[in-house]
1. Keeping every protein chain present and rolling a 1.4 Å probe, give me the accessible area per residue for the range 126-202 in Å².
2. Calculate the dipole size of the range 84-155 relative to its Cα centre from +1 charges on Lys and Arg beta carbons and -1 charges on Asp and Glu beta carbons; express the result in debye to the nearest 20.
3. Determine, for each peptide in 34-43, 175-184, the mean count of other beta carbons within 10 angstrom over its residues, then list the peptides with the highest first.
4. Enter the per residue convex hull volume of the range 126-202, computed from alpha-carbon coordinates, in Å³ rounded to the nearest integer.
5. Contour minus end-to-end for Ser50 and Val38, with contour as 0.36 nm per residue of separation and end-to-end as the Cα-Cα distance?
6. Filter the chymotrypsin sites (Phe, Trp or Tyr not before Pro) in the range 159-198 to those in DSSP coil with at most 16 other Cβ atoms within 10 Å of their Cβ, and list the result.
7. Can you tell me the order of 164-174, 110-120 when each peptide is scored by its average per-residue count of other Cβ atoms within 10 angstrom, highest first?
8. Considering the convex hull of the alpha carbon atoms of the range 44-125, report its projected area averaged over all viewing directions, in nm², one decimal.
Amino acid sequence: MTPPPAARPDTAAAARPSRTASWLAFAPLAAVVGLRWVLGWLQDRAEPTSAWPLSPFAGAQDPWAWLPTAGLALLALAAALLVLRAVRRRWGTRALGGLLAALWVAAALAACVAQLLHFMNLRGLAPQPQPLAASVLGSRAVAPSARGPGGTLLVLQLPGAAGPQQLLADDPAAARLVPGQALALQWSRGRWWGRYATGWQTAANPQAPASGAGRE
């Protein structure tokens, strides 16, 4: 058999940038997805704990509060497009491609750092000795989705809070809480930020032992 002709030097040289572009396109995304899988695996192997983030109730916020943020985002996008256009005009398409690749890698690194910080923040919860006196304002069921397992969205009035707070609890006991119910809310602070509910006691059974799940 006649051996295949050797690749021409110009063909091999042209293939190298194509392989580099493929790596730049998929490797950063693979790193983000792979890190998410590893952190999820570590979370599944850790001792199960309940920690539900406390956040301002979305229904009590200004429905137009997103407009300033959206305006700033559009301004930032317009400024970025102008910068990219200036780079292309001054240094050419190759420099523009290098800049876009650097931005893509930086975005992937930022996503990885954000995942690690969120994971470490939850792994460093600091339980607080004094429970919060909370009152149930309302609740509704939330169906499971790709973003989470669902559960019961509780709307609570907490002392010192500017407005109602909410938490999404996947504990079945949360579905039995009714408006007006008084709770002693066990909670923890994150390693760096945030407040997390870890359980509750109802006023009807104040001597119930505290645990990671709600008890009635």
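1. On the way: 4010 Å² over 77 residues.
Ligands and nucleic acids excluded, the figure is 52 Å² per residue.
2. Values: 8 positive and 0 negative charges, 126 e Å.
For this selection, approximately 600 debye.
3. Values: 34-43: 12.8, 175-184: 14.8.
Descending packing order for the listed peptides: 175-184, 34-43.
4. On the way: hull volume 7.9 nm³, N = 77.
It comes to 103 Å³ per residue, whole-number rounded.
5. Numbers: separation 12, 0.36 × 12 = 4.32 nm, distance 2.01 nm.
Net length gain for the segment: 2.3 nm.
6. Answer by residue number: Trp192, Trp193.
7. Details: 164-174: 18.9, 110-120: 14.0.
So the peptides 164-174, 110-120, ranked by packing, come out 164-174, 110-120.
8. On the way: hull surface 35.1 nm².
About 8.8 nm², averaged over all directions.
The values are calculated or read from the model by the stated rules, or taken from the named source; none is laboratory data. Quick caveat: nothing in here was measured; it's all calculated off a predicted structure. Glycine also receives a Cβ, built like all others from the backbone with ideal geometry; neighbour counts cover every protein chain displayed. The accessibility values were calculated without ligands, DNA or RNA, using every heavy atom of the protein model including side chains. Shrake-Rupley method; radii C 1.70, N 1.55, O 1.52, S 1.80 Å.
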